[in-house]
1. For the chain, what is the accessible area per residue in Å², given a 1.4 Å probe and the full set of protein chains?
2. Per residue of segment 176-187, what does 6.51 cos²θ - 1.76 cosθ + 1.60 with θ = phi - 60° give for ³J(HN,Hα)? Whole Hz please, x for Gly and Pro, Karplus curve as stated.
3. Provide the net charge surrounding ASN21, with neighbours chosen by a C-beta distance below 15 Å and charges set as Lys +1, Arg +1, Asp -1, Glu -1.
4. Using all C-alpha to C-alpha distances in segment 8-107, build P(r) with 5 Å bins and read off the rounded percent in each one.
5. Do any trypsin sites (Lys or Arg not before Pro) in segment 110-179 lie in a DSSP loop with no more than 16 other beta carbon atoms within 10 Å, and if so, which?
6. Mind listing the Cα extents of segment 113-211 along all three principal axes, in Å, largest one first?
7. Kindly state, to the nearest 0.05, the FRET efficiency for VAL44 paired with ARG195, given R0 = 35 Å and r defined as their beta-carbon distance.
8. Full-extension gain between ARG18 and ALA99, please, as 0.36 nm times their residue separation minus the C-alpha to C-alpha distance.
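The values are calculated or read from the model by the stated rules, or taken from the named source; none is laboratory data. Just so we're clear, the structure is a prediction, and the values are computed from it rather than from any experiment. Cβ placement follows ideal geometry from the backbone for every residue including glycine, while neighbour counts extend to all protein chains displayed. Accessible surface is based on the protein model in full, side chains and every heavy atom, while ligands, DNA and RNA are left aside. Shrake-Rupley method; radii C 1.70, N 1.55, O 1.52, S 1.80 Å.
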Amino acid sequence: MTLRARLVAANWKMNGSRVDNARWLEAFRAQPAACEAVVCPPYVYVEQVVSGLAGTGAFVGAQDLCDRAAGAWTGEVAGEMLRDAGVQWVIVGHSERRAAFGETDEIVAAKAERALDAGLRPIVCVGETLEQRSAGRTASVIAAQLDAVLQRCTPARLAAGALAYEPVWAIGTGHSATPQQAQDVHAAIRAQLARHDPAAAGAMRLLYGGSVKPGNAAELFAQPDIDGGLIGGASLVAAEFLAICAARAHG
Ligand code: PGA
């Protein structure tokens, strides 16, 4: 029923080396992804991945960008520079950046806007902690995170990119959300978008992230509002990432 094309993104986080990346890229080139794929390496390896993915149809993403325009911001990287380096996508507001690097909802919203202004496609991440879920606050936490972004970017603009639901308790833990838990949140996100713009809500790709593996990808991706995934640990092995890209619904 859905016309949304599946999107699967690899978030390498702070992993990789020139040698390991070259091996990964060689394996990827041997068996191009079965769906739209984005590979997000650390900044210093962007150039290597841009050239390694040339001709495969896959896109390169960054894991972050600065929320300011170019200038005197030591250590930061502007969206325009990422575009200049051949990057098309960028992860914004990953929970590790929110929790460990102090990114507030407002900073995340500013980064999403900067990314769009620079011509990048943002993958804006939202997600609740275990404590918030246990307290029954999942829906309100996600709604507030999304609302902050919607204050600055319309759903129609955001639909150039994607939104990723990543429950913090599922990231890197081996305990994925169940397909139904993920679907419930995805449906709520789409409903929130639809209150602003039904057409954009229908077009927006909503990715699930958090311990997605080749063994659980198919049942997650079979949910009506799950349009792909943001893959951390399993994306470090090219064969696993490719298997997730190729995951098919049962039957
Ligand atoms: P994971 O990470 O697949 O290792 O759980 C997902 C993410 O943090 O994007």
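1. I get 44 Å² per residue for the chain.
2. 5, 4, 6, x, 5, 4, 5, 4, 4, 6, 4, 5
3. Neighbour charge sum, excluding ASN21 itself: +1.
4. P(r) over segment 8-107, rounded to whole percents: 2, 12, 23, 23, 19, 11, 7, 3, 0.
5. ARG137
6. Ordered largest first, segment 113-211 gives principal extents of 35, 25, 21 Å.
7. Working from the Cβ atoms, E equals 0.30.
8. 26.3 nm
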